[in-house]
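As structure tokens, the structure follows; a few thoughts come after it.
The values are calculated or read from the model by the stated rules, or taken from the named source; none is laboratory data. Being a predicted model, the structure only gives us computed values, none of them experimental. Please note: Cβ atoms are built from the backbone with ideal geometry, for glycine as well, and neighbour counts cover all protein chains shown.
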């Protein structure tokens, strides 16, 4: 019998580790029964399941029964156009961006190639500094020849502080890079472009405003590629028309200077050192310095301008024989800048394009995403310039207009 009991206890006793735990946790000195079993192991927890609401993927009740759609009430329409953003207790109402102003995120080989070249040569572009919404379209063409970029000379810091512009400002920026003209010409020759745009920050700290630096850059580009067409988007050089004439005679093909807005809004939009009349004098001086030179300017919409003010601005531009004008939507770069008064509908942009052409402008690019340096307009101007030189690019002018449609 003793043999049987000993054998039963050996076969059914708990493991040594469990037995020691039982002895330590026990408050009595009594011995555990041989038939006591270990506690059952915990079952693994299952992930909770959720019911996904799919009501939004089915037709609405009115669509299901075939009722006509009812127009939105003003309250519902306002709710669709606005949104509340910010942390709890500090939420603010903002206006949603219209669908026609949304652009894709840039990410392709052309974009990366141009950006790599720019960083390697220490060059800046207004595309990046001014946060242009067309950067994915201009830098990422279908091939390398279709890609364009607007080089910004004399650094990335401006001496003026316009309320619409996101370029950095400082009273005394860094000195000019003496190698920049050569590096710019080298970069543009690598890209193999037929039409390039150069612009610059305002440098009121320099005696000539940077006009000689601008002129040297254009001359080096023409030395490397004489057939390349160059557009220069310049500052007003603080009203020094001799500097305007120097740049106009540097070999460029298009002289551009932006009035930015109507005369009545200029003091609130631009730096106080820039005036509407001074900009008109710059455009007139460029034309006088080199007769036949194409002059160009740009106006932003959505700043609170009226129809009468726009009419007056266009007529003043025609008085100084400006050839090309562009209309674009003002986009607020940061909260520190002036707010958007209105997101102008594309149909309104088309209306002003027709009105500008009726006033006698050679070309007008007009649209929500149009900027002063816009490649559709550049394609048209390139065609006009080459035709003046006797080079046939397109079959007729109508085809050129069709290719440059915004």
Does residue 271 meet the test of being under 30 Å from residue 306 (Cβ atoms), surrounded by fewer than 24 Cβ atoms within 10 Å (Cβ to Cβ), within 27 Å of the chain's Cα centre (by Cα) and at pLDDT below 95? yes
Among the residues of the stretch 239-250, are any surrounded by fewer than 23 Cβ atoms within 10 Å (Cβ to Cβ), modelled with pLDDT of 95 or more and closer than 18 Å to residue 326 by Cβ? no
Which residues, counting only those in the stretch 355-374, are under 16 Å from residue 253 (Cα atoms) and either modelled with pLDDT of 90 or more or surrounded by fewer than 21 Cβ atoms within 10 Å (Cβ to Cβ) (or both)? 362
Residue 312 vs. criteria closer than 26 Å to residue 181 by Cα and either free of Cβ contacts under 8 Å to residues at least 40 places away in the same chain or outside any loop (DSSP other than H, G, I, E, B) (or both): no
List pairs: first residue in the stretch 150-173 and without any contact (Cβ under 8 Å) to a residue 12 or more places away in the chain and on the phi < 0 side of the Ramachandran plot, second residue surrounded by fewer than 20 Cβ atoms within 10 Å (Cβ to Cβ) and not in a strand (DSSP E or B) anywhere in the structure, Cβ distance under 7 angstrom, at least six positions apart or on different chains. none
Quick one: would you say residue 286 is farther than 19 Å from residue 163 by Cβ, surrounded by 23 or more Cβ atoms within 10 Å (Cβ to Cβ), in contact with a strand residue (DSSP E or B) (Cβ under 7 Å, 6 or more places away or on another chain) and at pLDDT 95 or above? yes
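Results for (1) modelled with pLDDT of 90 or more; (2) buried (at least 19 other Cβ atoms within 10 Å of the Cβ); (3) in contact with a strand residue (DSSP E or B) (Cβ under 7 Å, 6 or more places away or on another chain); (4) farther than 24 Å from residue 381 by Cα, shown as yes or no for each residue.
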| residue | (1), (2), (3), (4) |
| --- | --- |
| 143 | no, no, no, no |
| 148 | no, yes, no, no |
| 167 | no, yes, yes, yes |
| 170 | yes, no, yes, yes |
| 177 | yes, no, no, yes |
| 180 | yes, yes, yes, yes |
| 188 | no, yes, yes, no |
| 196 | no, yes, yes, no |
Residues being touching a residue at least 24 places away in the same chain (Cβ under 8 Å) and assigned to a loop (DSSP other than H, G, I, E, B): count how many of those fall in the stretch 261-291. 7
